[in-house]
Amino acid sequence: MEDAEEFITRTQSAVESLFLGIRSYLQILESSRPPVLVGSYSSELEHKKAVEDWTRENAASIEASFKAQRAFMSERYALAVLCGSLLQVATMAIRLHSRNRRIPDEFHGIVNPSHAPFCIGRRVRDVPIGLIIVAARNQYNHIEDGKLHKLSSVIFEWLATKHGFGLHIRDPAFDLEKNLAWNYASNVTGLLGWRRYQDYEHDMRSLLGI
């Protein structure tokens, strides 16, 4: 492909199809949101009774929510494939068309020159999104290896801790140490705000200077 504009144009239909699939799986959860109990109670006994009453009154909604969650979990690998494929396309676009060669000072010793093209874009949790994209793509592609390269490990560590709520709190959506998440690719694309093609394209055009 000749340039970044052509890359975006020629991959548009494929990426739009990925977003249609991603949206279809996320709608499984959104179709039946769980009810929420909100209240103020003067004693543990009062709170317990309120929970029992609320559970009884919302039994149908609670069961519908559990059913939706079970249906969603049965499709989790399919969602991972789609989000991982989206990250693969974005990584390829940056690898082919980024003109950046500057590594920010705080990433010296972490990013080698071959990954300098990814040090671009708006920052999310103090990390340029180009680095988030390639780190998440690497994690998805090498999930069976058991250990990531230094760059990807550091990026996920930053995502798990640089959320503004204190370093002692680790975000389980990006915590590779505890391996609590089953779908980091989906978590990352959600963190980036990539739930519509238009949001993805806006970021890619900004990243590639088009």
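The values are calculated or read from the model by the stated rules, or taken from the named source; none is laboratory data. None of these values were measured; they are calculated from a predicted model. Cβ placement follows ideal geometry from the backbone for every residue including glycine, while neighbour counts extend to all protein chains displayed.
What the table below lists for this structure:
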read-out: Selection count, the stretch 107-134, where residues are over 23 Å from the mean Cα position of the chain (by Cα) and either under 25 Å from F165 (Cα atoms) or part of a helix (DSSP H, G or I) (or both); value: 2
read-out: Some residue of the stretch 155-166 being of a type outside the set (G, A, S), closer than 30 Å to L20 by Cβ, at pLDDT 95 or above and surrounded by 18 or more Cβ atoms within 10 Å (Cβ to Cβ); value: no
read-out: Scan of the stretch 90-102 for residues that are among the hydrophobic types (A, V, I, L, M, F, W, C) and surrounded by 19 or more Cβ atoms within 10 Å (Cβ to Cβ), ordered by number; value: A90, A93, I94
read-out: Condition check for I94: within 23 Å of F7 (Cβ to Cβ), in a helix (DSSP H, G or I) and of a type outside the set (G, A, S); value: yes
read-out: When residues of the stretch 156-174 are limited to those that are among the aliphatic types (A, V, I, L, M) and under 13 Å from the mean Cα position of the chain (by Cα), the one nearest to R125 (Cα to Cα); value: L159
read-out: Near pairs, Cβ below 7 angstrom, 6+ apart or cross-chain, from the stretch 72-93 (closer than 10 Å to I133 by Cβ and of a type outside the set (D, E, K, R)) to any residue that is at pLDDT below 80 and in a helix (DSSP H, G or I); value: none
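Rundown of residues vs (1) of a type in the set (S, T, N, Q); (2) surrounded by fewer than 17 Cβ atoms within 10 Å (Cβ to Cβ), yes/no style:
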| residue | (1), (2) |
| --- | --- |
| E106 | no, yes |
| G109 | no, yes |
| F118 | no, no |
| D126 | no, yes |
| L131 | no, no |
| Q139 | yes, no |
